[in-house]
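Every number here is computed from the coordinates shown, using simple stated rules; none is lab data. Every value quoted in this text rests on a predicted model; they were computed, and no experiment measured them. Reconstructed Cβ throughout: ideal geometry from the backbone, glycine too, with neighbour counts over all protein chains shown.
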């Protein structure tokens, strides 16, 4: 079951409340964010469950079944029939190139807590001009409008994906949601951004990887049935970070994109306000080292399976943000072992695994790792070694759900 996927995990906001060392109005704002997020999550379950999904394969029979038939066919006729079907499907997919259908609308929520957010004030519509500083001193609407294009362009250019659902889905987004709302989220049909508070959290639209992270939650929703709990939820979070970091590496400066060795592999690099002891929200290269501050606690992400956190459903939905550090580091290792640009090396392998149609609702780290190895092609050794360095084959991983 997909739920309201937030960039700031509940446990982090809870820590701020429990420690109580932040100014009292900030503590109250964190409590308000937690309460509103729970309401949003509850109200979205039914709506998201009925949301239209893009099938993992264009045909009712996925290609991998025909590939298996071709390999194991008892007769020449069966083998040739399977190969003919594969050839026909491949030609159809080649001819049916995606059409560019970028369609953005950025709304100003005007600090409303309504769900869905109000649509009576459009800040920028597709093709419109950026708004003036007088209209929006924060520049959130402009940043959101520009960031959505950069994210859309990345997925279209490198993965031939036409918007979130690959069918030209309009990109509706909302800025200035709530009052000092300390989060950004994908709620199943749109992207929503709070303002932060300027004391612990900065705004959420000026971080391109944060926007791409939430966009990718939508992509995951339309390509796989990953439940947002336990290991499958950690994979969901990790995939959002994986594509978020690639968008950052490429689109922050498309004329001079970053190689895997040039990237700092930080997610939410500017999310902490001045005075907070933190470099980012997550560090994919070194999980568990992104922040350490008296007001927000210490980054608790594990980097290896031996440190996997066995949490119940009430704790970060079973550790979806916390344990995502393990597959995050696996991607970092895979990308750097292959080298070059991540979207040309490890990225396509992760995308093929995501869109393979083989991911189950309760997929484990091992099951996802196996899919990346299966789709690794000439990079099989590098991919397998990357996973081994974080604990693959994850002994007894199914029992950890």
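In terms of the Cα gyration tensor, with a ≥ b ≥ c the square roots of its eigenvalues, is region 261-401 rounded because a/c is under 1.5, prolate because a/b exceeds b/c, or oblate?
The shape class here is oblate.
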**Q.** Per-residue Cβ neighbour rank within 10 angstrom, fewest leading, 211, 169
**A.** 169, 211
(Q) Can you classify region 228-325 as rounded, prolate or oblate using the Cα gyration tensor, where a ≥ b ≥ c are the square roots of its eigenvalues, rounded means a/c under 1.5, and otherwise it's prolate if a/b beats b/c and oblate if not? (A) oblate
Q) Going by how many other Cβ atoms sit within 10 Å of their own, how do 324, 132, 238 line up, fewest first? A) 132, 238, 324
(Q) Restricting to DSSP H runs of at least four residues, report the calculated mean residue ellipticity at 222 nm for the chain, -39500 (n - 2.57) per run over all residues, nearest 500 deg cm²/dmol. (A) -13500 deg cm²/dmol
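Using 0.36 nm times the number of residues separating residue 18 and residue 314, minus their current alpha carbon distance, what extension gain do you get?
In short, 104.9 nm is gained.
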Q | Relative contact order (%) - criterion: Cα under 8 Å, at least six apart; region: the chain | A | 16
Q.
I need the shape label for the chain. Rule: rounded when a/c is under 1.5, else prolate if a/b > b/c, else oblate, with a, b, c from the alpha carbon gyration tensor.
A. prolate
Q: At 7 Å along the Cα-to-beta-carbon direction for both residue 362 and residue 126, put a label point, then send me their distance in nm to one decimal.
A: 4.1
(Q) Can you tell me the orientation of helix 63-72 relative to the chain, as the angle in degrees between its alpha-carbon axis and the longest Cα principal axis, to the nearest 10? (A) 30
Q: Considering only 391, 203, 340, give the residue with the highest GNM mean-square fluctuation for the chain, with springs between Cα atoms whenever their separation is below 10 Å.
A: 340
Q) Given springs between every Cα pair under 10 Å in a Gaussian network model of the chain, which of 110, 301, 249 has the largest fluctuation? A) 110
Q) What angle, in degrees between 0 and 90 and rounded to the nearest 10, separates the Cα long axis of helix 208-223 from the longest principal axis of the Cα atoms of the chain? A) 50
Q) If one takes the longest principal axis of the Cα atoms in the chain, at what angle in degrees, from 0 to 90 and to the nearest 10, does the Cα axis of helix 365-374 lie? A) 50
